[in-house]
Amino acid sequence: MSLFASDASVFLPSAATPTRLTGLEQIQVGVSPMLESRPINPMAIRDLQITIGDGMALASFEIGNPIVHSRRTLVLQNIGHQWKIIHLHGSNLRAETK
């Protein structure tokens, strides 16, 4: 949680959390189940794009596996000489089953 600014906001790619989470407490509650069930082998980040300017940065990338294609966008701000996430947006696309 130290990567997030105290007033950060998050859109998680989960039906269990369909609304925006704001602040460290809400984010911790929303993210905890995902961290507890994370895979043993971490997923590789693909197609990372980073744009930096005027104390702000935008990072977008893809992760996932053959079943779920995941996209993430992070908005970061340089706060007190540290980069902090001020917004995270996650989306998942499930592979079509035949």
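The values are calculated or read from the model by the stated rules, or taken from the named source; none is laboratory data. Small disclaimer: the values here were computed from a predicted structure and weren't measured. Ideal geometry is used to build each Cβ from the backbone, glycine not excepted, and the neighbour counts take in all protein chains shown.
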Test: residue in segment 10-24 that is surrounded by 17 or more Cβ atoms within 10 Å (Cβ to Cβ), polar (S, T, N, Q) and touching a Ser or Thr at 6+ places or on another chain (Cβ under 6 Å): no
Sort out which residues of segment 1-21 are within 13 Å of the chain's Cα centre (by Cα), within 19 Å of Met56 (Cβ to Cβ) and of a type in the set (Ser, Thr, Tyr), and write them in order of number. Ser9
Restricting attention to segment 31-80, report how many residues are of a type in the set (D, E, K, R), closer than 20 Å to Ala95 by Cα, over 11 Å from the mean Cα position of the chain (by Cα) and at pLDDT 80 or above. 2
Taking the condition part of a strand (DSSP E or B), in contact (Cβ under 8 Å) with a residue 60 or more places away in the chain and among the aliphatic types (A, V, I, L, M), does Ile85 pass? yes
Conditions (1) part of a strand (DSSP E or B); (2) of a type outside the set (Lys, Arg); (3) touching a helix residue (DSSP H, G or I) at 6+ places or on another chain (Cβ under 6 Å); number of the one not met by Thr17: (1)
Selection count where residues are assigned to a strand (DSSP E or B) and either crowded, with 16+ Cβ neighbours inside 10 Å or not aliphatic (A, V, I, L, M) (or both), scope segment 48-75: 17
